[in-house]
Every structure is written in C-alpha cells, then in structure tokens.
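One structure is given below, encoded as structure tokens.
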Amino acid sequence: MRIAGSARAGEERHHPTVVSAVTKRRRSDHADEMRYHRRELNEQDQRPPVWVGHIVLETDRLAETEQFMRTIGMRSVVQRPEVAVLELRGGTHLVLTPGTGAVAGDAPFDLMVEDLEETHHRFIGLGLNPTPIARTSPSHESFSVREPGGHVITFMSNHVSGMPV
C-alpha cells in the first residue's frame with residue numbers, strides 16, 4: 001500500500017491494523033517457539049528438579065567471614081551491614097547474618113569442590129591453614145578450614161553420581 005505524504009515519496013507502508021496483526025502473530029509464534037524450546041530442554045534436562053536454595057550461617061564477624069567466603073571462591077551477590085549473600089556453584093546462596101550468639105564449631109554444612117588436592121594446595125598458598133586431606137569413607141576425602149567467625153568448614157572431594165546436576 002502506498003501512502004501519500006509519507007516522509008519519502010513512494011515509500012511503502014503497511015496499514016497499522018495489518019502491522020498489529022502481523023506483530024501479534026509473530027509474538028504468538030515466538031511464545032509458542034519458546035514454550036516448545038523450554039519443553040524440549042526440560043525433556044533433555046536430566047538434572048534433579050530441586051536443589052538447595054539458601055544456607056544460613058550466623059557469625060559475629062560478618063565482614064571478615066564474607067571476605068573469607070569470597071576468597072575461597074564464592075561470588076558476592078549482596079553485601080550490606082546487616083547481611084551478606086554469596087553464590088555457590090549451582091546457584092545456592094549462602095546467607096551470612098550477624099549474631100553475637102554464634103557458636104564456633106562445625107559449620108552446619110560442608111562444601112564440595114571439583115579438585116580437592118588443587119583446592120587444598122591453593123588454600124595453603126592463601127594462608128588458610130587447611131587440615132591435611134584425609135579419607136573419611138571409601139568414596140570421600142576431605143579437609144577442613146576455620147573461617148574468621150570460628151566455624152570449621154569441611155571441604156569434600158567431588159562425589160556426584162555421574163548424572164547431570
């Protein structure tokens with residue numbers, strides 16, 4: 001359709017209702033394509049459908065513990081005086097909260113790393129004073145490190161099932 005008085009003489013334009021119908025059809029086609037793609041991914045995705053979302057650790061040394069967690073490889077997501085949130089592999093968040101009642105001792109979680117020996121060596125180089133690597137079961141090796149708030153965190157060798165996680 002040619003529209004008289006357009007910015008350029010002879011320029012072709014679609015009637016607005018035609019554009020709207022075409023746009024709606026394209027959006028619908030795109031939405032259908034995305035739904036199909038998500039369904040296809042879900043059928044191919046063999047990871048378990050649930051995972052740990054948040055782990056909470058109370059500490060009386062929030063800033064130092066947050067820095068320690070970044071040093072060992074966690075990604076900072078939120079850093080405020082009242083809370084720090086760090087991200088681990090797989091999207092799990094470690095939530096650090098201040099507390100004067102924090103009790104030093106074993107952390108209420110352990111961490112798994114891809115290469116235990118390399119991680120141990122790196123921690124020695126960082127001056128974190130890890131315990132020696134020990135076999136804790138036929139399929140597990142581990143070592144521990146004390147974070148600034150006094151919690152002892154155990155690092156485990158990778159022992160995933162071999163299926164996608």
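The values are calculated or read from the model by the stated rules, or taken from the named source; none is laboratory data. Keep in mind the model is a prediction, meaning the values are calculated, not measured. Cβ sites come from the backbone with ideal geometry, for glycine too, and all protein chains shown count toward neighbours.
So THR119 ticks every box in (1) outside any strand (DSSP E or B); (2) loosely packed, with under 15 Cβ neighbours inside 10 Å; (3) among the hydroxyl-bearing types (Ser, Thr, Tyr) but one. Which box is left unticked? The failed condition is (2).
Residues in segment 96-116 that are loosely packed, with under 15 Cβ neighbours inside 10 Å and more than 23 Å from GLU58 (Cα to Cα): GLU114, ASP115.
Among all residues of segment 80-95, there is at least one that is farther than 30 Å from ASP45 by Cβ, modelled with pLDDT under 95 and within 20 Å of the chain's Cα centre (by Cα). Exactly one residue out of PRO81, PRO148, PRO138 is in contact with a helix residue (DSSP H, G or I) (Cβ under 8 Å, 6 or more places away or on another chain) and surrounded by fewer than 13 Cβ atoms within 10 Å (Cβ to Cβ): that is PRO81. Say whether the condition of being within 17 Å of the chain's Cα centre (by Cα) and not polar (S, T, N, Q) is met by at least one residue in segment 116-133. So far as segment 116-133 goes, no, none of its residues is within 17 Å of the chain's Cα centre (by Cα) and not polar (S, T, N, Q).
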